């Protein structure tokens with residue numbers, strides 16, 4: 001019996017010693033003994049076999065699992081309500097990951113992770129557990145489109161870890177800075193002036209482009225990009241472009257690096273005067289338009305300017321876009337070359353005959369022409385000739401006699417009219433036309449014969465000015481009643497007394513054919529009319545007095561005797 005009791009005590013001790021290491025919350029290794037539909041049975045050497053839910057395995061893992069495979073498992077419960085050993089592969093995997101992450105944090109090793117989502121302040125990354133990537137730690141420069149990073153895998157460095165709270169903070173920028181510093185030291189050690197080096201466009205400004213040369217930045221100034229004109233660096237480059245450039249200057253004290261691109265090729269302006277002599281014809285591509293002209297590329301790095309004034313013989317070009325477009329291939333003539341100023345002046349109109357030469361030969365002064373009214377302005381009317389040249393009928397050359405207030409009184413756009421060539425100025429490219437010259441000047445023939453000083457005339461008020469009133473007479477001749485010849489008492493305004501269209505009778509006091517003026521006087525007319533009325537009154541009064549005298553004389557004389565005998 002005693003031996004039997006000893007055996008039981010020994011067995012209890014052995015049992016206790018066997019299962020002492022199986023503590024809840026620890027990891028141990030087990031052997032797969034069965035794979036069922038919803039669970040995997042694992043033997044860890046405990047008094048009962050443990051159960052792991054099948055959903056803790058990925059589909060591929062579960063498919064590849066076989067009986068007798070060894071697994072790291074986490075002991076959740078030694079005995080549940082039913083006395084079963086509950087195990088977890090998922091927690092075992094996480095604890096293993098945490099151990100590896102803590103080692104990586106202590107040893108400052110980099111880890112791989114996949115960005116899974118964007119959250120407030122940064123991104124969430126899967127590194128075996130979920131880790132937080134702050135926005136400031138994503139890259140060396142701010143990232144504009146964070147959503148574009150979701151799903152991508154990068155290397156990271158753990159900068160903070162707390163297993164108990166389950167927090168991990170990681171950084172990609174820390175690795176990039178370390179890499180940049182290594183490249184910087186390597187680049188600086190080998191950098192020399194005159195060296196060709198490859199760089200990546202990092203940033204573009206109005207004055208140039210900054211290139212990453214390998215941990216250190218260099219400036220490619222806009223003046224060192226091309227031998228030709230550059231409107232803006234973005235016209236040539238984009239962020240991310242790779243360029244081979246020349247190191248122009250390296251200041252080791254300040255760390256500033258000046259780069260050049262155009263210096264890789266010879267200066268095309270060196271023999272420019274020989275290649276493009278003045279007067280030669282060239283062909284080029286329109287590369288830029290401004291308000292004052294079009295820039296034409298003759299070869300890489302060499303551009304010439306066609307000023308708007310050199311685009312057409314006949315049209316006033318207000319903007320070059322009316323004549324050419326960017327990308328057009330045009331022919332031009334070299335007008336002037338300035339190698340020092342790196343400027344070439346070109347002319348498009350010089351490639352065609354000058355129509356002003358044709359006009360001067362075909363239309364001598366005095367020639368009658370016919371054309372279409374192109375435009376009507378305050379000062380005159382432009383008439384287009386078939387040769388493409390516009391001539392101006394000035395308002396002063398529209399009528400010999402009538403006061404024209406605005407050319408639209410006689411002309412409308414699109415109307416065909418006749419005119420006379422008055423002047424041709426080839427240098428200033430001006431053609432003067434006359435409309436009134438189509439008929440003889442009435443001031444030399446008709447008017448002196450028709451109007452004389454002292455004549456009384458009647459006309460219609462055509463205009464009221466501060467200095468007088470214009471009166472339209474017959475034959476559209478105008479006369480002026482100066483304010484001094486109005487005879488108006490007081491200070492009443494002329495506009496209050498005279499209205500356009502009123503009929504006025506006045507006296508001609510001056511006819512000046514040289515000045516083409518007829519002076520009228522309302523005051524003298526009124527005085528003359530009053531004088532004539534007075535004379536007429538006196539004349540009438542004299543006749544009345546004479547009649548009254550004769551009547552009185554007749555009453556005073558005796559009755560003459562009758563010649564008939566009384567009684568007959």
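Coordinate-derived values only; no laboratory data. Values in this document were obtained by computation on a predicted structure and should not be read as measured data. Here Cβ is always computed from backbone atoms with ideal geometry, including for glycine, and neighbour counts include all displayed protein chains.
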Radius of gyration and Dmax over the Cα atoms of the range 138-276, both given in Å: 20.1, 82
Ellipticity estimate at 222 nm from DSSP helix runs (n ≥ 4, -39,500 (n - 2.57)) divided over the chain, nearest 500: -6500 deg cm²/dmol
Relative contact order %, the chain, counting alpha carbon pairs below 8 Å whose residues are six or more apart: 5
Normalised contact order of the range 272-351, rounded percent, pairs of Cα under 8 Å and 6 or more residues apart: 36
D (Stokes-Einstein, µm²/s), Kirkwood Cα radius, the chain, 0.692 mPa s at 37 °C: 87
Between helix 173-190 and the chain: long-axis angle, C-alpha atoms, 0 to 90°, nearest 10: 80
Separation of the residue 297 and residue 536 label points, Cα + 7 Å toward Cβ, nm: 9.3
If the convex hull is drawn through the Cα atoms of the range 341-407, its volume per residue in Å³: 154
Projected area averaged over orientations for the range 391-539, convex hull of C-alpha atoms, nm²: 12.1
Per residue Cα convex hull volume in Å³ - calculated over the range 258-406: 161
Volume per residue that the Cα convex hull of the range 498-543 spans, once the total is divided by residue count, Å³: 100
Column: log10 I(q)/I(0), Debye, Cα scatterers of the range 13-119, q = 0.11, 0.17, 0.20, 0.24 Å⁻¹: -0.44, -0.87, -1.05, -1.28
Nearest-ten-degree value, helix 522-556 long axis tilted from longest Cα axis of the chain: 30
Relative contact order for the range 446-526, counting Cα pairs under 8 Å that sit 6 or more residues apart, in percent: 35
Ordering of 33-39, 97-103 by packing [mean C-beta count within 10 Å, highest first]: 97-103, 33-39
Kirkwood hydrodynamic radius (C-alpha pairs) into Stokes-Einstein, the range 446-526, 25 °C and 0.890 mPa s, D in µm²/s: 195
Cα long-axis angle, helix 89-107 against the chain (0 to 90 degrees, to the nearest 10): 70
Share of Cα-Cα pairs in the range 230-340 lying beyond 22 Å, as whole percent: 48
Most to least packed among 113-123, 186-196 [average Cβ atoms within 10 Å]: 113-123, 186-196
Percentage, to the nearest whole number, of Cα pairs in the range 108-176 over 14 Å apart: 53
Angstrom value of the Kirkwood radius, inverse mean 1/r, which spans all Cα pairs in the range 288-336: 11.2
